[in-house]
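First comes the structure, then the notes that go with it.
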Amino acid sequence: MTPVDLLEFGTVFLRHKKTMSIEIINEDDLKSKFEILPQEEASKRMAIFDVDTWSGVIEPRMRQIVQVSLRSEILHLIHVDLRVKLEGHAIPVLIQLNADSIGPIVAVDREDIDYGNVEVLRDYTEKIRITNKSKIDAEYTAFTKNKESIWKVVQRHGILKPDEEKVVDVVCNADEV
């Protein structure tokens, strides 16, 4: 019996489960048992895996598809070992689960705001649209570079749900010519 030795999850979002599958093949003429061993505790700080079938019997010359879910716990490249104990083999087969864990992706609809000519001591509002392009919540904080500024962000802080958009008002109130 042979499963693959590498399962590449690609890019995953922090604490968001992604599922892929492995195939365990019984190349023998007899029934064979398999068991997926529990995850080593030390690796759970990086990511946690779960499977839909922890053990079973595979008929001769047949295959067993196992769904493997991975949830990252840190932002980084992740390598977690999944071990499959196969009947007739003294050493479990090692399958390395690899992923690149990232945080949320937030897009802003423009980089510059041009108010043009404005009157002194009058509010002028422009809007920017921010979009969470992730499958996880995205926390945002909007601010001006200088604390004392003629510009003010109205909705300074918030959380965007996955695929949510929000319009943020930016007010200009010039206090001198």
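Structure data summary
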{"item": "Answer from Asp175, Asp112, Asp163, Asp169 - the residue that is surrounded by 12 or more Cβ atoms within 10 Å (Cβ to Cβ) and either in contact with a Ser or Thr (Cβ under 8 Å, 6 or more places away or on another chain) or not aromatic (Phe, Trp, Tyr) (or both)", "result": "Asp169"}
{"item": "Any chance Lys18 is of a type outside the set (Gly, Ala, Ser) and either touching a helix residue (DSSP H, G or I) at 6+ places or on another chain (Cβ under 8 Å) or under 30 Å from Glu139 (Cα atoms) (or both)", "result": "yes"}
{"item": "Residue within the range 70-79 that is surrounded by 15 or more Cβ atoms within 10 Å (Cβ to Cβ), at pLDDT 95 or above and among the hydrophobic types (A, V, I, L, M, F, W, C) present", "result": "yes"}
{"item": "Evaluation of Arg83 against (1) closer than 30 Å to Leu160 by Cα; (2) in a strand (DSSP E or B) (one fails), failing number", "result": "(1)"}
{"item": "Top-ranked residue of the range 129-149 - restricted to ones that are crowded, with 16+ Cβ neighbours inside 10 Å and touching an Asp or Glu at 6+ places or on another chain (Cβ under 6 Å), ranked as nearest to Val12 (Cα to Cα)", "result": "Asn132"}
{"item": "Residue in the range 51-60 that is assigned to a strand (DSSP E or B) and in contact with a helix residue (DSSP H, G or I) (Cβ under 6 Å, 6 or more places away or on another chain) present", "result": "no"}
{"item": "Listing of strands (runs of 3 or more DSSP E) fully contained in the range 101-169 that carry 2 or more residues being over 30 Å from Glu73 (Cα atoms)", "result": "124-132, 151-153"}
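The values are calculated or read from the model by the stated rules, or taken from the named source; none is laboratory data. Source: prediction; values computed, not measured. Backbone-built Cβ (ideal geometry, glycine too); neighbour counts: all protein chains shown.
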